[in-house]
Amino acid sequence: MISKDEKQVEQKSIVPQNHEEDDVEEDDVVDDTPGAGEETKKKKKKKKPKKKKAQQSDPPRVGLSKIFTNGVYPEGEIQPYKDDNAWRTTSEEKRYDERMAMEDPEITYQSIRRAAEVHRQVRQSARKHIRPGMTMTEVANFIEDGSRALVEENGLESGIGFPTGLSLNHCAAHYTPNAGDTNVLQSGDVLKVDVGVHVKGRIVDSAFTLNFEPTYDKLIEAVRAATDTGVRESGIDVRLGEIGGAIQETMESYEVEVNGKIYPGIQLLFSVSDSFDTFPVKSIENLSGHSIGLYQIHGGKSVQLVKNDDQTKMEEGEYFAIETFGSTGRGRVVESGECSHYAKIIDAPRVPLRLTSAKSLLKSISSNFGTLPFCRRYLDRVGETKYLLALNHLVQQGIVQDYPPLCDAKGSMTAQFEHTIFLRPTVKEVISRGDDY
């Protein structure tokens, strides 16, 4: 909770930092040149105060339109295409295509870049503020309050792209606290932070992993390196199966040592002595990256984390979330635990709903979230109550999809890193890249 005094300090910090004070009228200055009379006295004009653009507060709560007043947001990391697509970088035709896109308000790159800058500022603040002892609800609220403020949440025009993922330890994905959750972050936890922000339906999907002591540093290093490999290997006309092979090769080149003992999540096919103290990091074989559509977090194409025979190609103009998961356990997840994540299915069948409450809830979901994922806390926030029966009915009717937590073996640890990339006509832009990762 923020005390009254702290709130006042926070509000004050939102005021532009370098705002100039009002100018004081300056003394008259007499022109002493020969022949000058009293009427030739001149006064210095008042200096007009210069307008300073707003600066970000800490924690971040200033909307980005107040900082980037010209509507131009930072470009992501640029990676040139290679091999058969290297020509695109200097192609006048492709450069013209990009100029036309930037002038079209429906497809301009500024929407996704604005969302990415929100993501960078919020996550960098979160990395400083998240500490053991916080409840998972406090962590979620800290991140989501920042995202809503910076993106200047406005219905389906701009806002949160999906529920903040805060999966712990052996849980790899799709956990966010429901109302009444009492989980508290511990110093030995490995926390995956998966944050989504959208502007006009263009979703930035990016994730990182936090730990608070060094035992699993190598696991985190492996997953970050694997994600960077996936980003580097991605490009127009690249086959998805080949990217999976490159990710797996990087991921599984790492080993982790835990207290000089065999990690309990590993299933070994041979006996070893008690002195055996290392084990390989495994790509989680049934999780994947994915293409991203307009208002659609999963756009239809999957980038698996292991080598496979998928001959599907990446194409010009597509957005992808390149995300990788590594594990000290089986390297395979199953659904486990109370569900928090849901989304209305885009091509859901039109079926009669026997529950009046389900009809009402569906109307609320459509108006507040559209096809963007949501969680129970978000339903609470828009005023829905006693909705579980209706929500489960929508799931059973195939109108809403539920996404339960995905977990590896208990006792194992998992980590995640993720970036959103955009395959522009001339170059590949890593939209979500920042100084932190």
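Please treat every number below as a calculation from the coordinates, not as lab data. Quick caveat, the model's predicted, so the values are computed rather than measured. Here Cβ is always computed from backbone atoms with ideal geometry, including for glycine, and neighbour counts include all displayed protein chains.
Here are the numbers for this structure:
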quantity: Long-range HN-HN contacts of Ser206 with modeled amide H, under 5 Å; calculated: Val195
quantity: Projected label distance in nm at Asp84 and Leu294, using a 7 Å step from Cα toward the beta-carbon; calculated: 3.0
quantity: Whole-angstrom gap from region 72-149 to region 365-437, using each part's C-alpha centre; calculated: 18
quantity: Anisotropy class of region 105-208 from Cα gyration tensor, a/c 1.5 cut; calculated: prolate
quantity: 5 angstrom amide H check on Ile345, placed H, neighbours 5+ away; calculated: Val400, Gln401
quantity: Asn154/Glu221 FRET efficiency (R0 41 Å; Cβ-Cβ; nearest 0.05); calculated: 0.60
quantity: Two-site label geometry, Ser366 and Arg381: point separation in nm, points 7 Å out along Cα→Cβ; calculated: 2.3
quantity: Dimensionless Rg ratio for region 58-118, taking C-alpha atoms and the 2.2 N^0.38 Å reference; calculated: 1.42
quantity: Prolate/oblate/rounded label for region 320-437 (Cα gyration tensor, a/c 1.5); calculated: oblate
quantity: Rounded to whole Hz, the Karplus (6.51, -1.76, 1.60) HN-Hα couplings of region 199-216, x for glycine and proline; calculated: 10, 6, x, 7, 9, 9, 10, 8, 9, 8, 10, 10, 9, 10, 8, x, 3, 10
quantity: Prolate/oblate/rounded call for region 154-267, Cα gyration tensor, a/c under 1.5 rounded; calculated: oblate
quantity: Amide H partners (placed H, <5 Å) of Val258, local residues excluded; calculated: none
quantity: Full-stretch length increase - Lys359, Asn70 - with 0.36 nm per residue and alpha-carbon distance subtracted; calculated: 99.7 nm
quantity: About the Cα centre, charge dipole magnitude for region 285-437 (Lys/Arg +1, Asp/Glu -1 at Cβ), debye; calculated: 660
quantity: For region 388-437, with +1 on Lys and Arg beta carbons and -1 on Asp and Glu, the positive-most of Thr414, Val427, Ala390 along the dipole; calculated: Val427
quantity: Modelled label reach - Arg239, point 7 Å along Cα→Cβ, region 293-335 residues with backbone N closer than 20 Å; calculated: 301-316
quantity: Charge dipole of region 118-163 about the Cα centre (unit charges at C-beta), most positive-ward option of Gly133, Val122, Ile143; calculated: Gly133
quantity: Selected from Val351, Ile365, Gly337, residue furthest toward positive end of dipole (region 329-380; charges at beta carbon); calculated: Val351
